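Here the structure is laid out as C-alpha cells; the discussion comes afterwards.
The values are calculated or read from the model by the stated rules, or taken from the named source; none is laboratory data. Remember, it's a predicted structure, so these values are computed and weren't measured experimentally. Reconstructed Cβ throughout: ideal geometry from the backbone, glycine too, with neighbour counts over all protein chains shown.
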Amino acid sequence: MAAMNKTDQMSFFGFEAEPAAEPAAATAKPVKAKAGKPAAPAVKLPDLVLTESAPPVMPAEQTPTLSQAPATTLPEPLDARAAPADDHEAMAQALAQHPDFRVLRRLLPRTDYGPVSGQSTRRVIVLDTETTGLDARNEKVIELAMLSVLVDTATGQPVGPVTLYESFEDPGKPIPPQITEITGIDDSMVQGQRIDDAAVTALVEQADLIVAHNAGFDRPFVEARWPVFARKAWNCSFAGIDWKKEGSGSAKLEFLASERGWFYDAHRAQVDCHALLQVLASPLSDGQTGLSRLLNGAGQTRYKLRATGAPFEAKDKLKSRGYRWDGEGRVWWCSLASDDLLDAECAWLRAEVYGQRSARVMLEAMDSLVQFSSRPGVVSDRSL
C-alpha cells in the first residue's frame with residue numbers, strides 16, 4: 001500500500017489571537033454583548049482541523065459589567081504561521097485543552113496492529129465498494145477495497161499485519177457524473193482495469209466474517225460478481241450496532257470518526273475501510289469494541305417481521321416504533337436482531353396493534369449467511 005503523501009511545509013491560515021483588552025477604568029461602564037457574532041471558521045492544516053466554538057450571546061438584562069465578569073485564563077497567543085512544522089502538535093495539544101476548541105487529526109492508515117502471540121483470533125475482512133449506481137441488478141462495481149486482519153477474540157482488538165486489496169474495474173459504460181462528483185472516480189481512472197477474481201477469492205476464503213458499514217448495499221453487488229461472498233458470514237456496522245444508544249448523534253462513518261478525533265477524505269473505498277476498522281477497534285459503552293459486538297452478533301439469527309393485516313388506525317404507532325412501509329407488499333415491517341427481541345415485539349403487537357383481533361404475522365429468519373443479501377431467508381408465520 002502506497003504511503004500517504006505529506007507536504008514538507010505546513011502553515012496555518014486565518015488563526016490569530018485577538019488583541020488584549022485594555023485595562024478597565026475605575027468607573028467602568030457596562031459592556032454590551034455583540035449580538036450575532038458568528039463562530040470563527042475552522043482552521044485546517046493538512047493533518048489537523050481546529051474548530052472554535054461561537055461565544056454565547058447574552059441577553060441585555062444579563063450583560064455583566066467589567067467588574068462583574070469572571071476572570072478567564074486563556075492560552076498564550078500562538079503565531080501559528082511563524083511556527084515550524086514540528087510545533088504543530090504542541091499547538092494542537094494546547095488548543096485541545098481550551099474549552100472553545102476541538103482538534104481533529106487526520107486518520108492515518110495502520111498496516112500493522114502489533115504482534116500475534118498465540119491468542120485466539122478470528123479473521124475479519126472490512127469491505128467497501130464504489131459503484132456506478134444503487135441497483136445491484138443493473139449497475140457495476142468500479143472500485144473494491146478490502147482490509148483483512150486478525151481480531152483477538154478476548155479483547156476485540158486487531159492484531160498482526162493488515163492485508164490490503166484494492167482495485168478499479170472498468171464497468172464497460174460511462175461513469176455517471178454524479179458518481180464522479182461523489183467518489184472522484186472518472187472514466188480515465190478505470191479504463192481497461194479489471195479486478196483480479198482469483199486474488200479476491202483467495203483473500204475472502206480465509207475470512208470468518210465480512211463487515212461493511214452498509215452491508216445491505218455492498219453485499220448484493222459483490223455477490224453478483226464474486227460467488228465466494230455468498231458462502232461467508234456477514235455483519236453490518238451500521239445496522240449491527242445501535243449507535244444512537246451508544247450516544248452518537250449519527251451513524252454515518254464520517255461522524256463516528258470525528259467523534260473519535262479523526263477526519264479523512266471520505267467516499268473512496270480504501271480510506272473508508274481504514275476509517276471503519278479504526279472506529280470499530282474503539283471501545284463502546286459496555287467496554288467491548290465494535291469488532292467484538294459484530295463478531296458476537298454474527299452468530300444470531302435476524303428476523304424480518306411483517307405485521308400482516310395490521311389495522312389502518314395503527315399506522316402511526318407502527319411508524320413511531322420504527323416499522324417501515326412496504327408499498328409493493330402493502331405491509332408494515334421491522335427487523336429484529338434476536339429471538340428475545342422477536343418475542344417482545346410480538347407481545348407488543350398483540351397488546352398495542354391487534355388487540356382482541358385474531359392475527360398472524362409473517363416472519364423471515366435470516367442467519368449471517370443470508371443477512372443483508374438479496375437472497376430470501378426461511379419464511380414462516382406466527383399466531384399472536
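The figures follow:
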{"item": "Index of the failed condition, Ser258 passing every other in (1) over 14 Å from Val141 (Cα atoms); (2) in a helix (DSSP H, G or I); (3) without any contact (Cβ under 8 Å) to a residue 40 or more places away in the chain", "result": "(3)"}
{"item": "Checklist (1) surrounded by fewer than 19 Cβ atoms within 10 Å (Cβ to Cβ); (2) assigned to a loop (DSSP other than H, G, I, E, B); (3) at pLDDT 95 or above applied to Asp242, failing item", "result": "(3)"}
{"item": "Residues satisfying the stated conditions in segment 181-223, i.e. closer than 20 Å to Pro171 by Cβ and part of a loop (DSSP other than H, G, I, E, B)", "result": "Gly184, Ile185, Asp186, Gln191, Gly192, Gln193, Arg194, Ile195, Asp196, Asn214"}
{"item": "Residue under evaluation Ala269, criteria (1) surrounded by 14 or more Cβ atoms within 10 Å (Cβ to Cβ); (2) under 12 Å from the mean Cα position of the chain (by Cα); (3) modelled with pLDDT under 95, criterion not met", "result": "(2)"}
{"item": "Selection within segment 359-384 - outside any loop (DSSP other than H, G, I, E, B) and within 27 Å of the chain's Cα centre (by Cα)", "result": "Ala365, Met366"}
{"item": "Some residue of segment 204-223 being of a type in the set (A, V, I, L, M) and surrounded by fewer than 18 Cβ atoms within 10 Å (Cβ to Cβ)", "result": "no"}
{"item": "From Ala298, Ala281, Ala314, residue being within 25 Å of the chain's Cα centre (by Cα), at pLDDT 95 or above and either buried (at least 16 other Cβ atoms within 10 Å of the Cβ) or farther than 21 Å from Ser383 by Cβ (or both)", "result": "Ala281"}
{"item": "Residue in segment 211-218 that is in contact (Cβ under 8 Å) with a residue 40 or more places away in the chain, more than 25 Å from Gly299 (Cα to Cα) and assigned by TED's automatic domain parsing to the domain that holds Leu147 present", "result": "no"}
